Amino acid sequence: MLPSAIPLERGEGYFKSTLIALNSAAYGCSDKFSLGAGIHLPSIFSKRDGGPVWYANARLSGPVSDLLHIGITGAYLRAVLPVSRTEPDAIDGVPLGFGTAMAMATIGSVDHQLTVAVGATHDGQQLGRGPLVTIGGSTRLFPNVCIITEHWLFIDPDATWPLHSLGLRVLGEDMALDFGLAYERTLAKKTLGIGLPFASIVFNF
């Protein structure tokens, strides 16, 4: 799930594993500043050029009121993204990774929230031709069940590359389980047509 502008408290953190392959963690260095990182384990051993796939991010955020939090976040993802929809596997000449810098706002509470972030990307050579927009949210249906969703829009003058997901989060005392589907048109054609199922486990510490 996308990070919200509601900050982690000092000393608070979590570890998340998605399908065992993608593992990440975040930690509250202060009541307003946190750091996070993750790695895709199979990419460490893959013979495909561009591995391993990993990311790191930093977030500075805080409350404006009880129902509004704002912040800024920066991240770097080391991964080869598709050149285009027609050449999804082309990697020749593609920069290995890109960075983002975004402003974000979260409306709502821990139980019901919506986060919108807008910013720019840079691949080490040039700025992206359009903004990156992310929208994510969650709402608690029952004391231990939430709906979660997130949407990434890499906006380009020629074509926008969207990525969407929808799922359920089952909450425990110090852990949570996520189940859902991630959808991107090219990815869907290679999987089940309706998207890629995912399952994650989150441990809070």
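The values are calculated or read from the model by the stated rules, or taken from the named source; none is laboratory data. Please read these numbers as outputs of a predicted model, since none were measured by experiment. All Cβ positions, glycine included, derive from the backbone under ideal geometry; neighbour counts span all protein chains shown.
Of everything listed in (1) surrounded by 15 or more Cβ atoms within 10 Å (Cβ to Cβ); (2) modelled with pLDDT of 85 or more, the single unmet condition for His112 is (1). Residue under question is Phe179, and the condition is that it be surrounded by 14 or more Cβ atoms within 10 Å (Cβ to Cβ) and among the aromatic types (Phe, Trp, Tyr); does it hold? So Phe179 fails the test. Restricting attention to region 53-99, the residues being modelled with pLDDT of 95 or more, among the polar types (S, T, N, Q) and either farther than 25 Å from Val116 by Cα or surrounded by fewer than 17 Cβ atoms within 10 Å (Cβ to Cβ) (or both) number 1. Every test in (1) more than 16 Å from the chain's Cα centre (by Cα); (2) modelled with pLDDT under 95; (3) of a type in the set (A, V, I, L, M); (4) in a strand (DSSP E or B) is passed by Leu181 save one, and that test is (1).
Residue check: Leu171 meets all listed conditions (1) farther than 19 Å from Gly38 by Cβ; (2) hydrophobic (A, V, I, L, M, F, W, C); (3) surrounded by fewer than 13 Cβ atoms within 10 Å (Cβ to Cβ) but one, namely (3).
Taking region 123-149 as the range and being over 20 Å from Ser4 (Cβ atoms) and in contact with a Ser or Thr (Cβ under 8 Å, 6 or more places away or on another chain) as the test, the residues that pass are Leu127, Gly128, Gly130. Among the residues of region 119-139, the one identified as farther than 12 Å from Phe154 by Cβ, among the aliphatic types (A, V, I, L, M) and out of contact with any His (no Cβ under 9 Å at 6 or more places or on another chain) is Leu127.
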